[in-house]
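Accompanying notes for the structure given below.
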């Protein structure tokens, strides 16, 4: 037997599995082959001793990927909101709200994430947020800062509760949240139609305060679903591109939470 060769068609194409079998050990050709291989690259022992590739090297999603993409989307939101605020684009609030809704649904139902569409959503929603924030701030001085602080505080609290396992995204929790969010979305759609048709809605007074509280609670609990998706995605090694999906979910929830706090605070301050 001159040498051992693999019957595997893939392995047989590799130089690492050609020639140099047990029969060549100790022979001149075997020694020359061994020397040549040593000069060409690392030995099998060196490869085993080297550290394994991490998620970043294998194209898997990491927490850093999600943080970077979330930060990028929020930067677009804030920049677009600043432009709308300075230019006082209040007249564009409703058109951009509808455009944001459409883009949100398109991104939500796409099987593969589209960074361009998600950044477009962030820009459109930024204009909408800047327009309504400027109007709320004109009516209630300091309300925007209060809403932002309430949003950031809620995010931090929910993250702490999730990391300490006080709140977990169990199967039952997910089912209840899905039903509650669908019901709230239907109510919001009906309210939007009423606003467009009659100029008034169902978000004023005590009932509006109650609806706002329900919306804020749902938005806060939705953060748990976002955190769970990110954790499970990193743990299961899903492809890196889905970091955009995770970032999109977080941005949608944070925008929702901010809007609910704006409404709640405006009702409370309007009663003063």
Check: Does residue 157 count as more than 25 Å from residue 67 (Cβ to Cβ), touching a helix residue (DSSP H, G or I) at 6+ places or on another chain (Cβ under 9 Å) and part of a helix (DSSP H, G or I)?
Finding: no
Item checked: Options 210, 189, 194: the member that is under 27 Å from residue 149 (Cβ atoms), free of Cβ contacts under 8 Å to residues at least 24 places away in the same chain and assigned to a helix (DSSP H, G or I) -> 210
Margin query: Regarding the stretch 106-116, can at least one residue be identified that is over 17 Å from residue 251 (Cα atoms), out of contact with any strand residue (DSSP E or B) (no Cβ under 8 Å at 6 or more places or on another chain), in the same structural domain as residue 189 (by TED's automatic domain parsing) and crowded, with 17+ Cβ neighbours inside 10 Å?
Written below: no
Next item on the list: Could you look through the stretch 108-131, keep only residues that are touching a helix residue (DSSP H, G or I) at 6+ places or on another chain (Cβ under 8 Å) and not in a helix (DSSP H, G or I), and pick out the one that is nearest to residue 178 (Cα to Cα)?
Entry: 110
Item checked: Checklist (1) touching a helix residue (DSSP H, G or I) at 6+ places or on another chain (Cβ under 7 Å); (2) surrounded by 15 or more Cβ atoms within 10 Å (Cβ to Cβ) applied to residue 245, failing item -> (1)
Check: With (1) modelled with pLDDT under 85; (2) surrounded by 15 or more Cβ atoms within 10 Å (Cβ to Cβ) as the list, and residue 220 as the residue in question, which single condition is left unmet?
Finding: (1)
Check: From the list 130, 179, 104, 126, which residue is touching a residue at least 40 places away in the same chain (Cβ under 8 Å), more than 18 Å from residue 85 (Cβ to Cβ) and within 25 Å of the chain's Cα centre (by Cα)?
Finding: 104
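The values are calculated or read from the model by the stated rules, or taken from the named source; none is laboratory data. If you're wondering where the values come from, they're calculated on a predicted model, not measured in any experiment. Cβ: placed from backbone, ideal geometry, glycine included. Neighbour counts: every protein chain shown.
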